[in-house]
Amino acid sequence: MDSKSSDPEEQSVGLTDEKPSKEHATNASEYDVFWEEPASEDPKNPMNWSSGRKWTIIGMVSFITFLTPLASSMFAPGIRQVLEDFGSTSNVLSSFVFSVYILGFAFGPLIVAPVSEYSGRAWVYKVCNVLFVVFNIASALAPNMASLVVFRFLDGFAGVAAITCGSGTIADLVPREKRGQAMAIWSLGPLFGPIVGPVVGGFLVEATNWRWVFWVLAIARKAAQLRKSTGDIAYRSRLDSGIPPKQLFLRSLIRPSKMLVLSPIVALMSSYIAALYGFLYILFTTFTIVFEGQYNFSASGSGLSFLGSGVGMLLGLAYVGTLSDRKIRIKLERKEAPTPEDRLPMYLTIPGSLAIPAGLFIYGWSTDKVVHWMIPEIGNAVTGFGMIIILMCVQTYLVDAFLAHAASAVAACTVLRSLLGALLPLCGLQMYDKLGLGWGNSLLAFLALAMAPIPILFQTWGERLRTKWTIDL
C-alpha cells in the first residue's frame, strides 16, 4: 500500500527511526499532512476501510504470495524433460535450474523492500507482477539451458515482491489484535506453494510438456489493482523525516542488510527460519526419488507425495491462526499494553519447534526401512505442521517488533532463508548418498532440535534485547 500505517505501534522500541529535521519541524503547519483527527474516524486511513475492502486486498496479495512460491517447485516434475531436450546429464545442473529461482528470492528483497518503504508498495506490486509474467513467458520460450537458468533467476527476483511487502500491507490494514489471522493466511503461501507446485506440475508435465508450466503461471498471474493518488508536491506527510530523497533512498537500500547484521532479533530469527527452510527444500529433493524408486509411484503420483506436508501445514495454519491473537486480546481486555513477544507464546513455539525434528525422524527412518508409504507421509505432515507455526510466529513477531520497517525486517529474513533454500539442496543428494535416508534426515532433525529453543528464549528475553540493543534505521 502507498499509505503509511497510522498504528501507534510504529513507535516500536528496538529501532530508531529518522527524526524530522529542525527546519522541517518549524515549517510544519498547513502543509503538515496526516490523517484527519481523530485518525480512527478518517475514512482514508487504511485501518478504517471496510472489512470487505481490506480482505479483498489481503486476498489478492495472499494469492500472489502463494503463486510465486508455487512457481519455485511446479517446475520440478519437468526437470528430466528439460535435461533431455537440452542434452544434459548433469545432476548438479538439474538441481541448480530448480533452485536458481529461490536464489532470485534471496536477492530480490534487497531492492524490493527498501524501495517499497521509500516510495510506497502499490507500484512495486504492479511492476513486479508484470515482470513476473514477462520472465515466465521468456522461460517457456527458452532456447537453451543457460537462458532458462537466467530467466528462472529473474522470475524469482521479480516474484518475491508480495512475499517481501505483504507483511507491510497487512500492518497497514489490520490492527494488532486481529493481525494474526491475516498473517496466517499470508504466511501459508511461502510454505504451501512449494507443496502444491509438484502436484499440479506432475499432471501438467505428464499431459503436455515442461514449457506449459511457465505458460500456466504467466496466465494465472494478475496484478493486484491498488489505488492511485496524486497531490501537490508542497504537501508532506507528518511521517516525512525531512531527509533529502537521495540520502533517504540510499539509507532505505541498506536497511535490510543492516538489520540482518546489527539486530540480534532479526539475525537469530532469520537464521532459524533460513535453516528450517533449507531443510524443507533438502527434503523436497528426496520425494521424487523415494516415492518413484522405493514405492513405485508414477510421475504424477510422486507429485502427490508432497500433499503430506500440505495437510500438516493446513492443520498448523488452523492451529496458529486460532491462537496467534489470543494473548494480545487478553492483554487489551485487561487494559495492558501488548508487546511483540506476545506473538511467541509457549503454546505455539514449543509444539511448533518440536514437531519439525519429530517429523524428520519419522520420515527418515520409515523411508530408510521402506515401511508403508503412509508412515513417511505422516512424518511429512508433522514437519509441515511445525514449519507453518514457526514461520507464522516469527514473521508476525518481526512485523510487530519493527512495524515502521516491517518490509525490511521480513526482507532480511527472506534473503537468508532463500539463500539456504537455494543452496542447501545442491548438497542434499550427496548427503543422502553418504549417510542414507535414515541418518541423513536424523542429522537435519538434530540440527532442528538444537535450534528449537530460539523462539522460546525470545519470548523471555526479546523485550530486553529490543530495548537495550537499538539501531539507527
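The values are calculated or read from the model by the stated rules, or taken from the named source; none is laboratory data. Owing to the predicted nature of the structure, the values given are computational and were not obtained by experimental measurement. In this analysis, Cβ positions are derived from the backbone assuming ideal geometry, glycine residues included, and neighbour counts consider all displayed protein chains. We work out accessible area using only protein heavy atoms, side chains counted, and drop any ligands, DNA or RNA first. Shrake-Rupley method; radii C 1.70, N 1.55, O 1.52, S 1.80 Å.
Which of the peptides 160-170, 140-150, 385-395, 323-333 is most tightly packed, and how do the rest follow, going by the mean number of other Cβ atoms within 10 Å of each residue? Each step should come with its number before you reach the end.
Working: 160-170: 29.4, 140-150: 15.5, 385-395: 27.4, 323-333: 17.2.
The most tightly packed comes first, giving 160-170, 385-395, 323-333, 140-150.
When the chain is fully extended, how far beyond the present Cα-Cα distance does Ser51 get from Trp123, taking 0.36 nm per residue of separation? Write out the running numbers ahead of the final one.
Working: separation 72, 0.36 × 72 = 25.92 nm, distance 2.30 nm.
Gain on extension, Ser51 to Trp123, equals 23.6 nm.
As a quick test, which of the pairs Lys331/Lys468; Lys178/Lys468; Lys54/Lys258 have an alpha carbon distance above 26 angstrom in this structure? The partial results should precede the final answer.
Numbers: Lys331/Lys468 24 Å; Lys178/Lys468 28 Å; Lys54/Lys258 32 Å.
In this structure, Lys178/Lys468; Lys54/Lys258 exceed 26 Å between Cα atoms.
Suppose R0 equals 22 Å; then what is the FRET efficiency for Val261 and Ala450 from their Cβ-Cβ distance, rounded to the nearest 0.05? Can you show the working numbers first?
Numbers: r = 23 Å, r/R0 = 1.04.
With R0 = 22 Å, the Cβ-Cβ based efficiency is 0.45.
Taking θ = phi - 60°, what integer Hz values does the Karplus form 6.51 cos²θ - 1.76 cosθ + 1.60 yield along segment 439-447, in sequence order, with x for Gly and Pro?
For segment 439-447, the Karplus-derived couplings read 6, x, 6, 5, 4, 4, 5, 5, 5 Hz, x marking Gly and Pro.
What spacing in nm lies between the two simple spin-label points modelled at Leu457 and Tyr295, each 7 Å away from Cα in the Cβ direction?
Inter-label distance under the simple model: 3.7 nm.
Report Rg (one decimal) and Dmax (nearest whole number) for segment 290-385, counting Cα atoms only, units Å.
Cα only, segment 290-385: 18.0, 59 Å (Rg, Dmax).
At 1.4 Å probe size, with the rest of the protein present, what percent of the exposed accessible area of segment 270-417 is carbon and sulfur atoms?
69 percent
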